[in-house]
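The values are calculated or read from the model by the stated rules, or taken from the named source; none is laboratory data. This is a predicted model, so every value here is computed, not measured. Ideal geometry is used to build each Cβ from the backbone, glycine not excepted, and the neighbour counts take in all protein chains shown.
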Amino acid sequence: MGLRSRFESLREKARLHGDEAQHEQTDHWSNRDLIPLPQQRRTWGWFHYFGFWTLSSLNITNWQTPSTFLTQGLSVGQAMMIIVIGRALIVSFSTLIAWCGIRWHIGFTVQNRYTWGLRASYIPLLQRILLNFIWNAVQCWNGGRLAAVCVTAIWPSFARMPDFLPAGFPATGDQFVGFAIFWALSTPLLGIPPERFKVPFMFTSVYCGLGMLAMMVWALATARGVGPLLSTGVAIPDGARWNASWLLMAGINQLLGGIAAGITNGSDFSRYARGWRSYVVGTVLSGWVTGTLVAFVGLVTTSAAQKIYGTVFWNPPDLLMVMMDNGEGSSAARAGVFFLALGFGLTSMFENICGNAVAGGIDLAGLWPHYVNIRRGAVITFVAAWVVQPWQLVNRATSFIQVLSSFSVFLSPIIGLMAADFYLLRQRRIRLSHLYRKEGSSYWYWNGVNWRAIPAWICGWIPTIGGLVMTVRGDTSAPRALFELYYMAFFIGFFTSAIIFLLLNKIFPPEGLGEFDEVDVYGTFTAKEAIKLGVSTVDQQADSYEVSLTQTQTMFEKKE
């Protein structure tokens, strides 16, 4: 067998194959994980979404959220107001974008094809893939900190291990080992398909939720009160450049920006819903209520811990290490810390797998449908964590992490385009069959590019990019207007891009607006869904054909 033949043989083995009888054809635009999900794969009820949003709430980042606003001089009440309003807006925007997945059962990768064009849809897709790679790596590094706490609780000498890393390496030996352990333990879980996430969601949510409450109760009981932090009032210095109103605006924008990437790909997970109520109930209960409660629990626990130790510990791994005296405490203290750290670690693990690895797998499947499905894409995303080298990003390039957190400058215009196109231009109607081929597709536009989307997207982030650059540089001498625009970046990007996109489509209307397939080509919808959408199922078409054939035969028999 020649080299070329061997290559072709390997290529064929690597190629994905689906059940074409179930419309799982694999070609340049489609595979099993990209098609509109059939009814048997839509298994997520309200608790799935409750667990999904709980994992994004029961984490270190959300626990520490109040610290950001308090250090800026805002009061506890103002900090919590930002969180309540911000979480409500997050739930609202998420539901707005996820509705396409609920209605038509397609994900972000395919959803953008009708807005950008089949080829230009790679522009938002590549941005998502880049963020998935980097945030997955950073989450693995943060999870490694919790893994290191667990190992120290079992073997106290781990915290005092000799540093085996070369001089100048931006991490300690125990941090690097913790990262490797967290990554290795997470990798086997990539094989769980999204349809079967209910048990991990349920176990992790209950375990970590109870662990956080136990941590708060212990801190309150030990401190015999909440401590001084909880009574923090407004402490904005006299003559400060920004008053409370602007800091509140900036805080809400920051909360939205921090989860903008998750908002964009909401349909990747909403398409698994059994019905719209499942998504809405689970999302509101957890995305808003649980998210707010976790921030409050973190605030109370940190305040009480300050009364105990005399120092503010916003980062749970640091607090847990102090609770067991860096591994030298009693066996009971170490056991308690182990189970608390394990709860935080499990949440970080499944949040990362679902929010970054699985989402990255879906996005990568859109680039190479012939060879990449969700599982393979998730593995690629996870392996990329070693290439990204998060120890360099977290411990050295603090400004780079700030840029990533501010990436909503580019993502909110994309969200604006998605909302304006789906709701206002297309009136929530999509031609599914045109999303998976270029021949005769109304979503091919000009060589696969809807030119209207590109200037609308650019106009959404041009006004705010200057403030982002100045903030990253730490340049406070820049014009005040730049920062004011940046503090409203999410809203400016969303509405500017949406309005310009609407105007361009009204002036230069494309073909196919408001059109949809009259027949359920992919066997996606239930009978109830088909009636509501005005779509005929294949069975209904067959029945109609049989009725028509019978009527024709009867007519000829009468003539005879």
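With the requirement that a residue be touching a residue at least 60 places away in the same chain (Cβ under 8 Å) and hydrophobic (A, V, I, L, M, F, W, C), what does region 264-292 give you?
269, 273, 276, 280, 281, 284, 285, 288
Mind listing whichever residues of region 177-191 are among the hydrophobic types (A, V, I, L, M, F, W, C), surrounded by fewer than 18 Cβ atoms within 10 Å (Cβ to Cβ) and in contact (Cβ under 8 Å) with a residue 40 or more places away in the chain?
185, 189
Which residues, taken from region 172-201, are within 19 Å of the chain's Cα centre (by Cα) and either outside any helix (DSSP H, G or I) or not assigned by TED's automatic domain parsing to the domain that holds residue 359 (or both)?
Passing the criteria: 192, 193, 197.
Only residues in region 364-376 that are over 15 Å from residue 132 (Cβ atoms) count as the first member; pair them with residues that are acidic (Asp, Glu) and assigned to a loop (DSSP other than H, G, I, E, B), Cβ under 6 angstrom, at least 6 apart or cross-chain, and list the lot.
373/33
So that you can scan it fast, the table gives a plain yes or no per residue for (1) within 19 Å of the chain's Cα centre (by Cα); (2) buried (at least 22 other Cβ atoms within 10 Å of the Cβ); (3) at pLDDT 90 or above; (4) not in a helix (DSSP H, G or I):
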position	(1), (2), (3), (4)
27	no, no, no, yes
36	no, yes, yes, yes
53	yes, yes, no, no
58	yes, yes, no, yes
69	no, yes, no, no
86	yes, yes, yes, no
95	yes, no, yes, no
101	yes, yes, yes, no
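Any residue at all in region 474-487 that is of a type in the set (S, T, N, Q), in the same structural domain as residue 412 (by TED's automatic domain parsing) and either over 32 Å from the mean Cα position of the chain (by Cα) or at pLDDT below 90 (or both)?
yes
Determine if region 139-160 includes at least one residue that is of a type in the set (Ser, Thr, Tyr), part of a helix (DSSP H, G or I) and surrounded by fewer than 23 Cβ atoms within 10 Å (Cβ to Cβ).
Yes, there is a match, as at least one residue in region 139-160 is of a type in the set (Ser, Thr, Tyr), part of a helix (DSSP H, G or I) and surrounded by fewer than 23 Cβ atoms within 10 Å (Cβ to Cβ).
Condition check ((1) touching a residue at least 40 places away in the same chain (Cβ under 8 Å); (2) of a type in the set (Gly, Ala, Ser)) across all residues:
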site	(1), (2)
484	yes, no
490	yes, no
493	yes, yes
501	yes, no
506	no, no
517	yes, no
520	no, no
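Please pick out the residue among 214, 219, 235, 261 that is in a helix (DSSP H, G or I), over 31 Å from the mean Cα position of the chain (by Cα) and in contact (Cβ under 8 Å) with a residue 40 or more places away in the chain.
The unique qualifying residue is 219.
Restricting to region 470-482, count the residues that are buried (at least 18 other Cβ atoms within 10 Å of the Cβ), of a type in the set (S, T, N, Q) and free of Cβ contacts under 8 Å to residues at least 24 places away in the same chain.
Looking only at that region, the number is 0.
Looking only at region 295-320, filter to residues that are part of a loop (DSSP other than H, G, I, E, B) and polar (S, T, N, Q); which one of those is farthest from residue 220 (Cα to Cα)?
Among those residues, the one meeting the criterion is 315.
Considering each residue of region 310-358, count those that are over 17 Å from the mean Cα position of the chain (by Cα), small (Gly, Ala, Ser) and buried (at least 17 other Cβ atoms within 10 Å of the Cβ), and give that number.
Within region 310-358, residues that are over 17 Å from the mean Cα position of the chain (by Cα), small (Gly, Ala, Ser) and buried (at least 17 other Cβ atoms within 10 Å of the Cβ) number 6.
Given the structure, is residue 330 in the same structural domain as residue 182 (by TED's automatic domain parsing), without any contact (Cβ under 8 Å) to a residue 12 or more places away in the chain and over 20 Å from residue 207 (Cα atoms)?
Yes: the conditions hold for residue 330.
Would you confirm whether or not region 151-158 contains a residue that is more than 14 Å from residue 351 (Cα to Cα), in contact with a Pro (Cβ under 6 Å, 6 or more places away or on another chain) and touching a residue at least 60 places away in the same chain (Cβ under 8 Å)?
no
Regarding region 271-281, can at least one residue be identified that is among the hydroxyl-bearing types (Ser, Thr, Tyr) and buried (at least 23 other Cβ atoms within 10 Å of the Cβ)?
yes
Among the candidates 63, 46, 104, which residue alone is aromatic (Phe, Trp, Tyr) and closer than 17 Å to residue 294 by Cα?
Matching residue, one of 63, 46, 104: 63.
Could you please find all residues in region 422-474 being within 21 Å of residue 532 (Cα to Cα), assigned to a loop (DSSP other than H, G, I, E, B) and of a type in the set (S, T, N, Q)?
Listed by number, the list holds a single entry, 427.
Any idea which of 404, 342 is part of a helix (DSSP H, G or I) and at pLDDT 85 or above?
Going through 404, 342 in turn, the sole match is 342.
Can residue 468 be described as of a type in the set (A, V, I, L, M) and at pLDDT 90 or above?
no
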